[in-house]
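Input: a single structure, listed below in structure tokens.
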Amino acid sequence: MNTRKLLLLLVLAILVGVFFALDLGRFFSLDYFKSQQVAIEAYRAAQPALTAGIFLAVYVAVTGLSLPGAAIMTLVAGAIFGLLWGTIIVSFASTIGATLAFLVARFVLRDWVQGKFGDKLKAINAGIEKEGGFYLFTLRLIPIFPFFVINLVMGLTPIRTRTFYWVSQLGMLAGTLVYVNAGTQLARIDSLQGILSPGLLLSFVLLGLFPLIAKQIVAMVKARRVYAKWRKPKRFDRNLVVIGAGSAGLVTAYIAAAIKAKVTLIEKHRMGGDCLNTGCVPSKALIRSAKLLSHIQRSAEFGLRRTEAEFDFADVMERVQRVIRTVAPHDSVERYTGLGVDVVEGTAKITSPWTVEVTTAEATRTLTTRAIVIAAGARPFVPPIPGLAEVGCLTSDNIWNLRELPKRLVVLGGGPIGSELTQTFARLGSQVTQVEMAPRILMREDPEVSELVTQRFRAEGVTVLVNHQAKQFVVENGENVLIAEHDGQDLRVPFDAVLVAVGRVANTTDYGLEELGIPTTRARTVETNAYLQTLYPNIYAAGDVAGPFQFTHTAAHQAWYAAVNALFDPLRKFKADYSVIPWSTFVDPEVARVGLNEQEAKAQGIPHEVAVYGLDDLDRAIADGAAHGFVKVLTVPGKDKILGVTIVGEHAGDLLAEYVLAMRHGIGLNKILGTIHIYPTLAEANKYVAGVWKKAHAPAKLLAWVERFHTWRRG
Ligand SMILES: Cc1cc2nc3c(=O)[nH]c(=O)nc-3n(C[C@H](O)[C@H](O)[C@H](O)COP(=O)(O)OP(=O)(O)OC[C@H]3O[C@@H](n4cnc5c(N)ncnc54)[C@H](O)[C@@H]3O)c2cc1C
């Protein structure tokens, strides 16, 4: 830092130091003002210009030095100078002070502010980059960040000083007016009854309502800007068009029809989307067959001397298709048409915020609509690994077409889909090598969860390779080989088929998002706000295409918000609530979770206690030959409030429901402990873990007294 900057910094530091050392803050209180009100008003009457000048100078100094007191001074301005002059003086004083603070930050305090407010700076910088002065305007109008933080942080952005000045003055004007007006009322209070005067009450109501009104205004201005280049139809044929008939789209359309809106649902491929056709339903059907096989293999354990399973893989895969066909009517065109949804089998393309072009086998037509919900889902991500395209790969999209069991299967990916299919194919008889580049499979779960599942996989004959990165696929002597790197060494894995399950990527191209400029996130999902609105407030997104979760139940959960918000905004809209999201990975033993696990609590620095109950102790689990796994509950230290639960074991996903309900409705472990659970069931584990927690919190002193009481009673 050069000498001039240092000198300026020193002067500023001294001024701020003097302010706090002499406790000058006491002069910036309403009490102090009230005590001096008569004298100040007399001075103002005698010397109006000088009073205004002194007031302006003090206000500039306070805001320029980022000292506390500006809000009180604004109220006082109303009291001394009245609404008009008070507003004019404060408007200029606050803007000049803000600009001085801005300049100081720009030239001197850059490093300090960056260190202190780095996290806030990131968001503001991103906003400035995207929307320039308008972003500052919204910050001024709706004070999400404190006034002085905005001044200091703006100094670090590329915004021009002139722009900062006039946008600040304009943006703060409405707030200044509301505060100064409240000040004019404050001046009139001279008795307790005055506090309840209609004028003062109205002023405070205005003060409270101001941020809400400002928010609405900003939303309206923003909306006008994005819609400016589009021509809005005079009337709409329908209330809602839903793109995609997967979990999110079906539920959206269902809700819209149930509340009597005119809704069109467009599906270009198969009704039911991924969940029905290539996701949850086929995978769970296949898992069931594989589990039966695993039980047959364990038959001796259950006292059966000899059992034999003779099967054809193709029959198992045909059963999967039968299951899909049995479930399909739930998601069919007929069912939804019967519910009042106009279902169109065709490809949708958004051509304006209110029009969707749909191409069917017969024709292309344009639908006009008040709102649109994008529920276009996701697809498997296939990474650009050299040689992969040449050898060809299976994904969760096409694996269901297999009718011949691959003898040697490589599964890339240790996430839920990769792990479920790894175990399933191993149980069906494939020699499976699971390759994961992270240090363990199921990385989102706690280490002991991954450990338990890995142990089981290995016991069932799976080769689990963690810390292995798939580098290349080659064909050697007519045989497919994966080259995976581990600790700088290459490992060669020969295989017959490779399943790629390294993640799913949202469908965001080729249906109009690019043309409308609807942005996507870093995770490549459609960017939405908390109400699931995209850049265009009448276009919503739900399900895998919007993220952040990729489950059928979260897609359905979001669908409710998307449907209701799309149909009732601006009258009423709701923020999507992600506070209690459960999920399950259907490996054996099943892994189910809601809320925080231990690794997340530690990473986020959230204080917690852990209670664990081992299922090897549970009567029913022992009787069922399923005595493995645990229930692990995280609670707020010293309280029974649940922060999160992980269950590993038979039917973990079903067992978790009790905790999902408990967390959703604020029920603690004491209440679970006080609830009757049927004996002998797996669900008893939920009560027993509450017992573990209770034991750890037993009131030792009280129990010592109770012991004495019993001793005394024995005589
Ligand atoms: C193997 C596997 C197992 C899974 N297991 C589970 C599980 O056990 N539990 C769970 O909760 N989740 C599971 N999932 C995830 C679940 O399937 C998805 O989260 C869910 O299907 C997402 O629903 P969606 O409506 O967002 O998208 P999708 O179901 O993908 O539906 C999107 C639909 O939009 C259509 N579409 C796209 N663009 C257009 C267009 N321009 N015009 C018309 N139509 C269009 C597509 O054809 C598709 O039908 C699994 C996924 C996989 C792959």
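Quick notes
- Part-to-part distance (alpha-carbon centres) for segment 288-363 and segment 661-715, which is given in Å: 44
- On full extension, the segment bounded by residue 472 and residue 84 gains 132.3 nm, given 0.36 nm per residue less the C-alpha separation.
- Shape call, segment 598-715: gyration tensor on alpha carbons, a/c limit 1.5: oblate
- With contacts taken as Cα pairs under 8 Å at a separation of at least 6 residues, segment 642-687 carries a relative contact order of 35 percent.
- Summed over the residues of the chain and divided among them, the accessible surface reaches 51 Å² per residue at a probe radius of 1.4 Å.
- Each label was represented as a point 7 Å from its Cα along the Cα-to-Cβ direction; for residue 580 and residue 296 these points are 4.1 nm apart.
- R0 of 35 Å, Cβ-Cβ distance residue 619-residue 463: FRET efficiency to nearest 0.05: 0.50
- Reduced Cα scattering model of segment 27-114, Debye log10 I(q)/I(0), q = 0.11 Å⁻¹: -0.33
- For segment 513-634, the alpha carbon convex hull comes to 150 Å³ per residue, rounded to a whole number.
- Distance between the pseudo-spin-label points of residue 334 and residue 479 (7 Å out from Cα toward the beta carbon): 5.1 nm.
- Within segment 576-671, the chymotrypsin sites (Phe, Trp or Tyr not before Pro) that combine a DSSP coil assignment with at most 14 other C-beta atoms in a 10 angstrom radius are 578.
- Sorted largest first, the principal axis extents computed over the alpha-carbon atoms of segment 248-350 equal 62, 25, 21 Å.
- Across the accessible surface of the chain, with the other protein chains kept in place and a 1.4 Å probe, carbon and sulfur atoms take up 60 percent.
- The value obtained for segment 298-448, namely the Cα convex hull volume divided by the number of residues, is 249 Å³ per residue.
- DSSP-defined antiparallel bridges as percent of all bridges, the chain, nearest 5: 65
- Helix 684-696 vs. the chain, principal-axis angle (Cα, 0 to 90°, nearest 10): 50
- Listed by chain and number, the aspartates and glutamates whose C-alpha is less than 13 Å from the C-alpha of residue 222, apart from same-chain residues fewer than 8 away, are 131.
- Taking amide H atoms as placed 1.01 Å from N in the peptide plane, the amide H of residue 520 lies under 5 Å from those of 527, each 5 or more residues away in sequence or on another chain.
- Efficiency of FRET from Cβ geometry, residue 111 and residue 39, R₀ 51 Å, rounded to 0.05: 0.70
- D_trans [Stokes-Einstein, Kirkwood Rh over alpha-carbon pairs] for segment 416-508, 4 °C, 1.567 mPa s, µm² s⁻¹: 92
- Shape call, segment 395-465: gyration tensor on alpha carbons, a/c limit 1.5: prolate
- Calculated on alpha-carbon atoms, Rg and Dmax of the chain in Å: 32.7, 110
- Label separation (residue 27 vs residue 676): 7.4 nm, computed from points 7 Å beyond Cα along the C-beta direction.
- Amide hydrogen proximity for residue 590: with H placed 1.01 Å from N in the peptide plane, the residues at 5 or more positions away or on another chain lying under 5 Å are 649, 650, 651, 652.
- Relative to the longest principal axis of the Cα atoms of the chain, helix 48-64 runs at roughly 30 degrees.
- Taking a ≥ b ≥ c as the square roots of the eigenvalues of the alpha carbon gyration tensor, segment 648-692 is oblate, as a/c is not under 1.5 and a/b does not beat b/c.
- D (Stokes-Einstein, µm²/s), Kirkwood Cα radius, segment 508-556, 0.890 mPa s at 25 °C: 223
- The angle between the Cα long axis of helix 247-258 and the main principal axis of the chain comes to about 70°, on a 0 to 90 degree scale.
- Mean Cα-pair separation over length for the chain, i.e. relative contact order, pairs under 8 Å, 6 or more apart, %: 9
- FRET E, pair residue 489, residue 397, Förster distance 30 Å, beta-carbon r, rounded to 0.05: 0.35
- Pairwise Cα inverse-distance average, inverted: Kirkwood Rh of segment 327-383 (Å): 13.5
- Amide H partners (placed H, <5 Å) of residue 343, local residues excluded: 265
- Extension gain, residue 18 to residue 345, is 110.3 nm, computed as 0.36 nm per intervening residue step minus the present C-alpha separation.
- Most to least accessible of 6, 643 (protein chains only, probe 1.4 Å): 6, 643
- Ranked packing of 429-436, 319-326, 172-179, most packed first, by mean Cβ within 10 Å: 429-436, 172-179, 319-326
- Volume per residue of the C-alpha convex hull in segment 661-715, rounded to whole Å³: 112
The values are calculated or read from the model by the stated rules, or taken from the named source; none is laboratory data. The shown structure was predicted, so the numbers you read here are calculated from the model rather than taken from an experiment. All Cβ positions, glycine included, derive from the backbone under ideal geometry; neighbour counts span all protein chains shown. Surface areas here come from the heavy atoms of the whole protein model, side chains and all, with no ligands, DNA or RNA. Shrake-Rupley method; radii C 1.70, N 1.55, O 1.52, S 1.80 Å.
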